[in-house]
Each structure stands twice: as C-alpha cells, then as structure tokens.
1. Can you tell me which residues in the range 121-137 are open to solvent by less than 20 Å² (accessible area, probe 1.4 Å) and within 16 Å of the ligand (Cβ to nearest atom)?
2. Restricting to the range 296-326, and then to whatever is touching a Phe, Trp or Tyr at 6+ places or on another chain (Cβ under 8 Å) and outside any helix (DSSP H, G or I), can you tell me which residue is nearest to Gly360 (Cα to Cα)?
3. Quick check on my filter: what residues within the range 247-285 are modelled with pLDDT of 95 or more and part of a helix (DSSP H, G or I)?
4. Can you tell me which residue in the range 83-102 is most open to solvent (accessible area, probe 1.4 Å), limited to those that are under 19 Å from Thr186 (Cα atoms) and at pLDDT 95 or above?
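The values are calculated or read from the model by the stated rules, or taken from the named source; none is laboratory data. Owing to the predicted nature of the structure, the values given are computational and were not obtained by experimental measurement. Cβ placement follows ideal geometry from the backbone for every residue including glycine, while neighbour counts extend to all protein chains displayed. The protein model used for the area step is the full one, side chains on, heavy atoms only, and it has no ligands, DNA or RNA in it. Shrake-Rupley method; radii C 1.70, N 1.55, O 1.52, S 1.80 Å.
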Amino acid sequence: MTRPLNVAILGATGSIGQQTLDVIDRNPGRLKLFGLTEGRRTSKRAAEHVIQGQAGEPDFDARVTAMVTDPGCDLVVVAIPGARALAPTMAALHAGKEVALATKEVLVMAGALVMKAAGQRGIRPIDSEHSAIWQCLWGEERKSIRRLVITASGGPFWAHPDLDLDQVTVEQALNHPRWSMGPKVTVDSATLMNKGLEVIEAHHLFGVPLAQVSVVIHPQSTVHSVVEFIDGSLKAQLGRPDMRLPIAVALGYPDRLPDAVPPSVLEELGPLEFHPLDEARFPAVGLARGAAKAGRGRPAVLNAANEEAVNAFLAREIPFSGIIRTVEQALEAFPGGGESLEDILEADRWAREFVTVSRGSSSRTVR
Ligand code: MG
C-alpha cells in the first residue's frame, strides 16, 4: 500500500480550510494532515507544522516557506484569501509541490507566472466552477474546446432587477442564496466580480483565450460549469453546492474519493434555468475581461482595488455600487506596469494606495 498524501493547508481556520480538514479526516489511509496555518482562531490540530499568525508578521512568512518546501510535504492547499497567497503558492510550485488552489486572486494577479512555475503538473482547482471544467476536460484535448461556460448563481440581487444597488446593505450582500463562503467572496458574488475573477482564472488554468470564456446565470447552482466542444457537444458537471466536492476532487486526483458529499438525486433536482448575464447592471465581468486583455499589471490592479473596495463596503464607508465604481476608477488611473512578479506586486501596492487615498478623501467629503 502506498503511503498517504501529506497535505499542508494555508488557511486552515477559514471556510475552505475547515472543509479540507473534514475531507482529510474522512479519508485516513489516503490523506494525512502534514501542516497548517491558522489565523486568530486555533484549529486545535496537531501536525508536523502548525503555524499561527498572518502573512507579513515576524517569522510567519519564513515558517510558511519552510512548511511548503519541506521534502515531507506532497500537496499544498492554498486557501488564505487575497494577494498574500501569491508568495507561498510560488514557493510551493518552485519546490515541485502539487498545489490545490482555492484562492483565485493568485491566478488573477499572476496567472502567466504561476502556470509557468506549475509546468506540466498544472494547478488543481478548488473553485467549484473550475473544478467542474477541469473534470469535463479530463481525457479531452485543448484543440477540441470551443468555449468554457462558467455558471453564476447571480448572487442575492440578480433576481431583484428593481432593487437599487446604491441602497444595498452589508447584511443583504452577505446573504448568499446558495453557497456558504467567507465575506470577501460572498460580496464578490453579489457584485459578480467573483465571475470576472473566475473568467481570468479559467483563462490561465486551462490555457483558453479570454474570448472563449463566457458566463451564464444559473440560479440553482447545480450545474457547476460547462465545456462546449468543437463538435457541438456540451459537457457539464453537476452536483450539490458543497465545497467539499471540489476539495475532494483536487485531493483525490486522479482517483475519486468515496462519499465526499451525499449523492445528488436527479429526480429531486427540479428545473434548471439558464439566463444571459446583464452586463449593464453587473459590469464586473466586462471590466475584468478588459483588464486581463490589456494586461501589464491591470489584473492585479482590478484584484487589489476590488479587495480594498469590498473592505470599505464591509466597513460601511462606501455604498455597494461604489465597489465596482472604485475598481473602474483605479483601472482608469493606473498608468500601466510590467509583467514581472515585482511589477505585479507594485501594481497591487499602487491600487491599494489609490483606493485608500480616495477612501480618505470621500469620507472627508461626507463629513
Ligand atoms: Mg467559484
């Protein structure tokens, strides 16, 4: 019998981290917890590496690098939110580790560099849509793909076209109809920036041009995404909206882990609807596509400005509709940078400062 796969989790106390622990616990002979990082809360777990703290804190970054490059570590689950996941992801890839990625920001910021570092191994996606596309592509050739179709639940506001997005409260934005996730990604689902980020993520993960990645609204969140092939065939992956499934797919690959989630009964699914995306009401996908096409640090600006604007919204400093406005303003003001890792980190810093400065001036205006 082969030894279990040694798994390190970056962000073990978050939503994805907790569900990853659950998948590991339920597959003892196959998966073993090798190490983890935890933020303010403790996971109460024993492992070879248990690292407390946040990126940027003394010793934290060095200890994380030591864990993800440890010869005993086989696979790193990246589940810390936002831009600070980039450095440890690159460290793990450069050390030849398998990476299962929940943090889409890593690919949005530096997709080309990350995929280059991953090489033939590629990246195992944990994002549910990308897990679906990945599964649809097993055994298929790149040249057979006509289009990737990312499904979107539409978030809490899509079904309410008369709702004034200037008046939406934090509580309303955090009330996602289908998925239970952290606050950042839940707000991103409400603005549909989540789908904008996912279009860029899919483009890098699967090497498919941006123009061949589209978004369709599917309120039931049962079809997790679709691949259209050149012969006209559509392949979709369906299942419960439960993140333990894409986590189990990523950790078990190329095998499937038994009973990752309760079975889906087709007869009980009910009708499945698909609707076009209203890009005028939800401009985030178009904005993301434009930033990715223009490149030169703009995807990093999009990502960082969005992250800061979501924080400002959660702090009740800007209205809901101000999130996308802020991202738009940052992209317009950005002079354009380069494509190296340093350039990308500089674009990230630039965008955060841009939003912080405009937050300061807008709160002065309010007073
Ligand atoms: Mg997703």
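1. Taking the range 121-137 first, the residues open to solvent by less than 20 Å² (accessible area, probe 1.4 Å) are 122-123, 125-133, 136-137.
The answer is Ile123, Pro125, Ile126, Asp127, Ser128, Glu129, His130, Ser131, Ala132, Ile133, Cys136.
2. Residue satisfying both the conditions and the ranking: Pro319.
3. Hits for the range 247-285 are Ile247, Ala248, Val249, Ala250, Leu251, Gly252, Ala284, Val285.
4. Ala102
Conditions (1) farther than 21 Å from Ala211 by Cβ; (2) surrounded by fewer than 19 Cβ atoms within 10 Å (Cβ to Cβ); (3) in contact with a His (Cβ under 8 Å, 6 or more places away or on another chain); (4) in contact (Cβ under 8 Å) with a residue 60 or more places away in the chain, marked per residue:
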residue	(1), (2), (3), (4)
Arg289	no, no, no, yes
Glu317	yes, yes, no, no
Thr326	yes, no, no, no
Leu341	yes, yes, no, yes
Asp348	yes, no, no, yes
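Each row is one residue, and each column tells you yes or no for (1) assigned to a helix (DSSP H, G or I); (2) within 16 Å of the ligand (Cβ to nearest atom); (3) within 12 Å of the chain's Cα centre (by Cα).
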| position | (1), (2), (3) |
| --- | --- |
| Ala62 | yes, no, no |
| Ala66 | yes, no, no |
| Pro71 | no, no, no |
| Pro81 | no, yes, yes |
| Ala87 | yes, no, no |
| Val108 | yes, yes, yes |
| Gly139 | no, no, no |
| Leu148 | no, yes, no |
| Pro161 | no, no, no |
